[in-house]
Amino acid sequence: MSTPSHDGTHPGERVARPRRFLMCAPEHFTVSYEINPWMDTATPVDAGRALAQWHQLRATFERLGHEVEVLPAVPGLPDMVYAANGALVTPQGSVGVRFTHPERAGEAEAYATWLDEHGLGPVHRPVHVNEGEGDLLVVGEHLLAGHGFRTELAAHREVAEVLGRAVTSLRLVDPRFYHLDTALTVLDDDPEHPDVAYFPGAFDEESQRALQELFPHALRTDAATAQVLGMNAVSDGRHVVLSPRAQRYAEQLTQRGYVPVPVDLSELLRGGGGAKCCTLVLRR
Ligand code: ARG
């Protein structure tokens, strides 16, 4: 087998790294308010289907060798299933969240308390609005931070200070891609050979230039991929769990040496989330 060239163009053998994830079952999931363009309160949600799809996602992670921790769902917090928004957990520390919309405010303390009680604290309670791993993505040495719809620019500085890491701010401009993880997938977070995929149209020009500079060999995806929330995928460095609707993306990933693993989360898409939204990485 050839050695990976690290520029993303000659795949070689991709290596999966076992992960520890935090998830929250959609036991109280519904669409009772609209805080992103995907949500439509007029179309009823099939709660049983949402739960079955979520179990499928969890089982897929476990089959791939990952450890899954589950946080109890709280009644009255229908979006709690989107665990990526619960925190940012890194070896340098854990940062809690503060939501833009009051409907989700109650989730913040539920996640922070769970992390504190499970040896992943002390969790920093933020001053500025940040929606966790939805907008804050670790790629090797880099911390990419989205703003424009949810997480405030001031929070980027706050997180940078708490974690002692440099942050690259990226401005999101399309309301359908309101969190960074709806526009960009971290394919490989190894500092030696970081790799990302992104849909350029979700970012302003300056941010597109910043991404181009940081990751000149990144995989760029098309509007069709982004529109099915294809970018909202979870990679372990080899397997990429993604929407079965993102077929072109799956082909591009295969060419790059990754193994696409489709999981249908159509019912959770009604809340505006895919595989990554349902998954918080515990990096400690
Ligand atoms: N309904 C949720 C919201 O609008 C969906 C969150 C999706 N999470 C994510 N990491 N993109 O806040």
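Kirkwood hydrodynamic radius computed over the chain comes to 18.5 Å, based on all pairs of distinct alpha carbons. For the range 101-254, relative contact order (Cα pairs under 8 Å, six or more residues apart, normalised by length) works out to 17 percent.
With the simple spin-label model, which puts each label point 7 Å out from Cα in the Cβ direction, the E251 to E109 separation comes to 5.1 nm.
For the chain, the relative contact order works out to 23 percent when only alpha carbon pairs closer than 8 Å and six or more residues apart are counted. What you get for the chain, charging only the Cβ of Lys and Arg (+1) and of Asp and Glu (-1), is a dipole of about 340 debye around the Cα centre. Extension gain for A166 to L153 (0.36 nm times residue separation, less C-alpha to C-alpha distance): 3.3 nm. Give the carbon-plus-sulfur fraction of the accessible surface of the chain in %, rounded to a whole number; probe 1.4 Å, heavy atoms of protein chains only. It is 51 percent, rounded to a whole number.
Here, the range 1-112 has an Rg and a Dmax of 17.6, 53 Å when only alpha carbons are counted. Summary value for the range 165-284: 22 percent relative contact order, contacts being C-alpha pairs under 8 angstrom separated by 6+ residues.
With a simple spin-label model that places each label point 7 Å from the Cα along the Cα-to-Cβ direction, the separation between D116 and E62 comes to 3.0 nm.
Applied to the range 82-87, the Karplus parametrisation 6.51 cos²θ - 1.76 cosθ + 1.60 on θ = phi - 60° returns per-residue 3J(HN,Hα) values of 7, 4, 4, 7, x, 4 Hz, with x for Gly and Pro.
Label sites at V173 and D40, each approximated as a point 7 angstrom past Cα along Cα to Cβ, lie 2.7 nm apart. Put simply, the amide H of L170, placed in the peptide plane, has neighbours under 5 Å in A145, G146, H147, leaving out anything fewer than 5 places away on its chain.
With every protein chain kept in place and ligands, DNA and RNA left out, what is the accessible area per residue of the range 204-284? Probe 1.4 Å, answer in Å².
Value returned for the range 204-284: 38 Å² of accessible area per residue.
Annotation: per residue accessible area for the range 87-182 equals 36 Å², rounded to a whole number [probe 1.4 Å, protein chains only].
In the chain, helices alone account for a calculated mean residue ellipticity at 222 nm of -7000 deg cm²/dmol, with every DSSP H run of four or more residues adding -39,500 (n - 2.57). Karplus-based coupling profile of the range 184-194, in residue order and whole Hz: 9, 10, 7, 7, 8, 9, 5, x, 6, 8, x, with θ = phi - 60° in 6.51 cos²θ - 1.76 cosθ + 1.60 and x standing for Gly or Pro.
Under a 5 Å amide H cut-off, with hydrogens placed 1.01 Å from N, H239 pairs with V259 among residues at least 5 apart or on other chains. 3J(HN,Hα) along the range 133-145: 5, x, 10, 10, 10, 8, 10, x, 6, 8, 10, 8, 10 Hz, from the Karplus curve 6.51 cos²θ - 1.76 cosθ + 1.60 with θ = phi - 60°, whole Hz, x for Gly and Pro. In units of the rule-of-thumb radius 2.2 N^0.38 Å, the range 42-89 shows an alpha carbon radius of gyration of 1.31. Accessible area ranking (1.4 Å probe, heavy atoms, ligands and nucleic acids excluded), largest first, for E109, E161, E133: E161, E109, E133. Distance from the alpha carbon centroid of the range 222-259 to that of the range 24-89 works out to 20 angstrom.
Backbone amide hydrogens, once placed in the peptide plane, bring T221 within less than 5 Å of Y198, F199, excluding anything fewer than 5 places away on its chain.
The values are calculated or read from the model by the stated rules, or taken from the named source; none is laboratory data. The structure displayed is predicted, hence computed values, not measured ones. Note that each Cβ is placed from the backbone with ideal geometry, even for glycine, and that neighbours are counted across all protein chains shown. Please note that ligands, DNA and RNA were not included when accessible areas were found on the heavy atoms of the full protein model with its side chains. Shrake-Rupley method; radii C 1.70, N 1.55, O 1.52, S 1.80 Å.
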